[in-house]
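Just below is one structure, and these are the notes that go with it.
The values are calculated or read from the model by the stated rules, or taken from the named source; none is laboratory data. Because the structure is predicted, anything quoted here is derived from the model rather than measured. Quick reminder, even Gly has a Cβ in these numbers, built from the backbone with ideal geometry, and neighbours come from all protein chains shown.
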Amino acid sequence: MMAESFARSKWVFLFMLIFAHFSTITLAEDGLVANGDFETLPSNGFPRGAISDQPTEIPSWRTNGTVELVSSGEKVGGGMLLIVPRGMHAVRLGNNAEISQELTVEKGSTYAVTFSAARTCAQMESLNVSVPPASQTVDLQTLYNVQGWDPYSVSFEAEEDKVRLIFRNPGMEDDPECGPIIDDIAIKKLVTPDKPKENAVVNSGFEFGPWMFQNVSLGVLLPTNLDEETSPLPGWMVESNRAVRYIDSNHYAVPEGKRAIELVSGKEGIISQMVETTPDKLYSLTFSLGHARDKCKEPLAVMAFAGDQAQNFHYSPDSNSTFHVASVNFTSKAERTRIAFYSIYYNTRTDDMSSLCGPVVDNVQVWFSGCSRNELQVLLGLGIALWAYLLVLV
């Protein structure tokens, strides 16, 4: 009896140890990563100068190279004011410098990383964001609004339960005071919605996407991403070399639900998806086309693609709505059909004439709309034969 009791106690103790170990593992929660806004006070205080030869201590982060904590209102050589996206502090990355943090995630899941970025002085500044082996370089050359900074989002699939999120400046500028500034780094685990039975489009209303800060009115830019399996906007790809803007109903007019896409880069900002279709069947692509109410100068128009069909649509709402529904009919040629959208014009806001904007697309649907072309030909032939038979009888 004592031996059995000892064995039982041993297994209970072992189970408690295992439970205690796993209970200490905290998965990365949706929202800011640890000190993602860089407002946590370092042990030696915030630095007073923008440029320092000493290693910078940044709580919760590992640094490599010239990494500086900068403060709002600081100036660099020539009197240029440093841009801090939000709050009082941000991080500037010097030539080939990087900042990183280890995250505990769910292996096999897809995550989106949202961050704010601004360039300091160089036209060609960029930022490499990686979770090895995944890596993506975000071009900071285009300024999408007059504030001088924008939120961006990239995505990755977790290959392990512990990953390292790395931001690196790949540039080599002559001026040591140049280099991208980053702030407000957040993470969100992505969930791909089930495809509706009567709609071939995944995430048709754009309701599933990256983290958005509720008190930021700039939306989130989605740069080029050609992998529909690992995208910050599940189901969708951004094909071109400039971004599209992911917007919310708290700050923009959204046709349906809480999220939508604003096409802010003209023909250089294409969003697309490969949808499942049955060859030789007739389908309809329908979508809501609208105005974000962000003072975007009209005319607004999109080019919509569905298979081998392409049609342009101009925004023309009535007095009671900021959007209308457009549609394209097409006959599928294969088991997967590409649908895509881009803005026909390059639009800016009327209040500053510089901030980029464009038409809003939402509630995208592809549905089977009737008989195939061959079936229509057969029915038409039967109809003609029937009329001929009736004429003979008469």
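What's the total number of residues in the range 149-169 that are surrounded by fewer than 15 Cβ atoms within 10 Å (Cβ to Cβ) and in a loop (DSSP other than H, G, I, E, B)?
The total comes to 3.
Is there a residue being of a type outside the set (Lys, Arg) and over 20 Å from the mean Cα position of the chain (by Cα) anywhere in the range 237-258?
Checking the range 237-258: not a single residue is of a type outside the set (Lys, Arg) and over 20 Å from the mean Cα position of the chain (by Cα).
So, in the range 166-204, of the ones that are β-branched (Val, Ile, Thr) and in contact with a Gly (Cβ under 9 Å, 6 or more places away or on another chain), which residue ends up nearest to Asp150 (Cα to Cα)? Reasoning before the result, please.
First, pick out the residues of the range 166-204 that are β-branched (Val, Ile, Thr): 166, 181-182, 185, 187, 191-192, 201-202.
Subset that is in contact with a Gly (Cβ under 9 Å, 6 or more places away or on another chain): 185, 187, 192, 201-202.
On the way: Ile185: 12, Ile187: 16, Thr192: 25, Val201: 29, Val202: 27 Å.
In this case the residue turns out to be Ile185.
So which of Ser240, Ser265 is in contact (Cβ under 8 Å) with a residue 40 or more places away in the chain and touching a helix residue (DSSP H, G or I) at 6+ places or on another chain (Cβ under 6 Å)?
The unique qualifying residue is Ser240.
Consider only pairs whose beta carbons are under 8 Å apart and that are at least six residues apart or on different chains; among these, list those whose first residue lies in the range 207-219 and is closer than 10 Å to Val191 by Cα and whose second residue is polar (S, T, N, Q) and assigned to a loop (DSSP other than H, G, I, E, B).
Phe208/Thr192; Gly209/Asn203
Which fully enclosed strands (runs of 3 or more DSSP E) of the range 208-266 have 3 or more residues being of a type in the set (A, V, I, L, M)?
220-222
In the range 115-137, what residues are within 11 Å of Pro180 (Cα to Cα) and either assigned to a strand (DSSP E or B) or assigned by TED's automatic domain parsing to the domain that holds Gly209 (or both)?
Those that are within 11 Å of Pro180 (Cα to Cα) and either assigned to a strand (DSSP E or B) or assigned by TED's automatic domain parsing to the domain that holds Gly209 (or both): Ser116, Ala117, Ala118, Ser126, Leu127, Asn128.
If you go through the range 276-289 one residue at a time, do you hit one that is touching a Pro at 6+ places or on another chain (Cβ under 8 Å), of a type in the set (A, V, I, L, M) and under 29 Å from Leu143 (Cβ atoms)?
Within the range 276-289, one or more residues are touching a Pro at 6+ places or on another chain (Cβ under 8 Å), of a type in the set (A, V, I, L, M) and under 29 Å from Leu143 (Cβ atoms).
Checking Glu106 against (1) under 14 Å from Ile185 (Cβ atoms); (2) modelled with pLDDT of 90 or more; (3) loosely packed, with under 13 Cβ neighbours inside 10 Å, which single condition isn't satisfied?
Only one criterion in (1) under 14 Å from Ile185 (Cβ atoms); (2) modelled with pLDDT of 90 or more; (3) loosely packed, with under 13 Cβ neighbours inside 10 Å is unmet by Glu106, namely (1).
For every residue, the table says whether it meets (1) buried (at least 21 other Cβ atoms within 10 Å of the Cβ); (2) in contact with a Cys (Cβ under 6 Å, 6 or more places away or on another chain); (3) of a type in the set (Phe, Trp, Tyr).
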position: Asp227; (1), (2), (3): no, no, no
position: Thr230; (1), (2), (3): no, no, no
position: Leu233; (1), (2), (3): yes, no, no
position: Ile247; (1), (2), (3): yes, no, no
position: Tyr252; (1), (2), (3): yes, no, yes
position: Leu263; (1), (2), (3): yes, no, no
position: Thr278; (1), (2), (3): no, no, no
position: Phe287; (1), (2), (3): yes, no, yes
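Looking at Ser343, Ser272, Ser249, Ser240, which one is touching a Lys or Arg at 6+ places or on another chain (Cβ under 8 Å) and at pLDDT below 95?
Values: Ser343 fails: at pLDDT below 95; Ser272 fails: at pLDDT below 95; Ser249 fails: at pLDDT below 95.
It is Ser240.
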